[in-house]
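Okay, so here's the structure we're looking at.
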Amino acid sequence: MSQQSFESRRLYVLDAPSLKYLKISDTVSWNLRQIENMPELVRAHVNIWGGDSTQRFLKALTSVRHLTLSMTTPKFVNPSGVIFNQLVHLVLCTFSGHCWDLVICMLQDSPKLRFLKLIDDELGIYLSGIDIPTGWKQPISVPECLLHSLEAFEWFGYRGRQGEREMATYVLKNATCLKTATFSPLSTDLGEKYQMLKELASVATASF
């Protein structure tokens, strides 16, 4: 199913117990929209901006195996109790103001995750008008997927800012099953790119 909506007052209810593929790009207003009951969902590509009902939305996706997620919302509420037991492949766009909260939440709640890709979309940052936080709060305990399952980590548009360095270092130091780590700097300056990659290469990894 593919859904694109630019009309904030359109009402829809999605109840699809046999749905396997979902693509949705929408402004969320949860008094007008409801998405639930997708136990057979395999792949989802989700681009959501506006609204603040993160928990109810993510709860509808818990059966998915492959997820591409971009959420630009005014605030992020950690959806406690929402576990992605089947999720193995995750792509996250990191241009929202709460990007690190979302990354950590998804790592903690995806115990079988094998592939993680972060995308820093410069155009998305410009359009959202939201400043990226410079740092992040390290989780109290290491996410289970880093200890037991994550095999590939990619970062497209890496800028080498404080929060990004901290996040990259944390994953490299704690992902015991990691086989590949690929960083593609956003900068076109060769010297700057070399310095960023050199810094990452110096991190003592848990698996390499």
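Among the residues of segment 39-74, which ones are in a loop (DSSP other than H, G, I, E, B), at pLDDT below 85 and touching a Ser or Thr at 6+ places or on another chain (Cβ under 8 Å)?
Gly50, Gly51, Asp52, Thr73
Filter segment 198-208 down to the residues that are part of a helix (DSSP H, G or I) and touching a helix residue (DSSP H, G or I) at 6+ places or on another chain (Cβ under 9 Å), then identify the one that is surrounded by the most Cβ atoms within 10 Å (Cβ to Cβ).
Leu200
Tally up the residues in segment 181-197 that are of a type outside the set (D, E, K, R), part of a loop (DSSP other than H, G, I, E, B) and free of Cβ contacts under 8 Å to residues at least 40 places away in the same chain, please.
Residues flagged as of a type outside the set (D, E, K, R), part of a loop (DSSP other than H, G, I, E, B) and free of Cβ contacts under 8 Å to residues at least 40 places away in the same chain within segment 181-197 amount to 2.
Failed condition for Leu178, given (1) touching an Asp or Glu at 6+ places or on another chain (Cβ under 7 Å); (2) farther than 15 Å from Val88 by Cα; (3) aliphatic (A, V, I, L, M), with all others met?
Failing condition for Leu178: (2).
Return the residue satisfying two criteria in turn: it lies in segment 121-141 and is aliphatic (A, V, I, L, M) and in contact with a Phe, Trp or Tyr (Cβ under 9 Å, 6 or more places away or on another chain), and of such residues it is modelled with the lowest pLDDT.
Leu127
Quick one: what pairs do we get from segment 143-161, first residue at pLDDT 95 or above, second among the small types (Gly, Ala, Ser) and surrounded by 17 or more Cβ atoms within 10 Å (Cβ to Cβ), C-beta under 6 Å, 6+ apart or different chains?
Cys145/Ser110; Leu146/Ala175; Leu150/Ala175; Phe153/Ala181
From the set of residues in segment 134-172 that are in a loop (DSSP other than H, G, I, E, B) and hydrophobic (A, V, I, L, M, F, W, C), which is surrounded by the fewest Cβ atoms within 10 Å (Cβ to Cβ)?
Looking at the filtered set, the residue picked out is Ile140.
The values are calculated or read from the model by the stated rules, or taken from the named source; none is laboratory data. Computed from a predicted model, the values in this text were never measured in an experiment. Backbone-built Cβ (ideal geometry, glycine too); neighbour counts: all protein chains shown.
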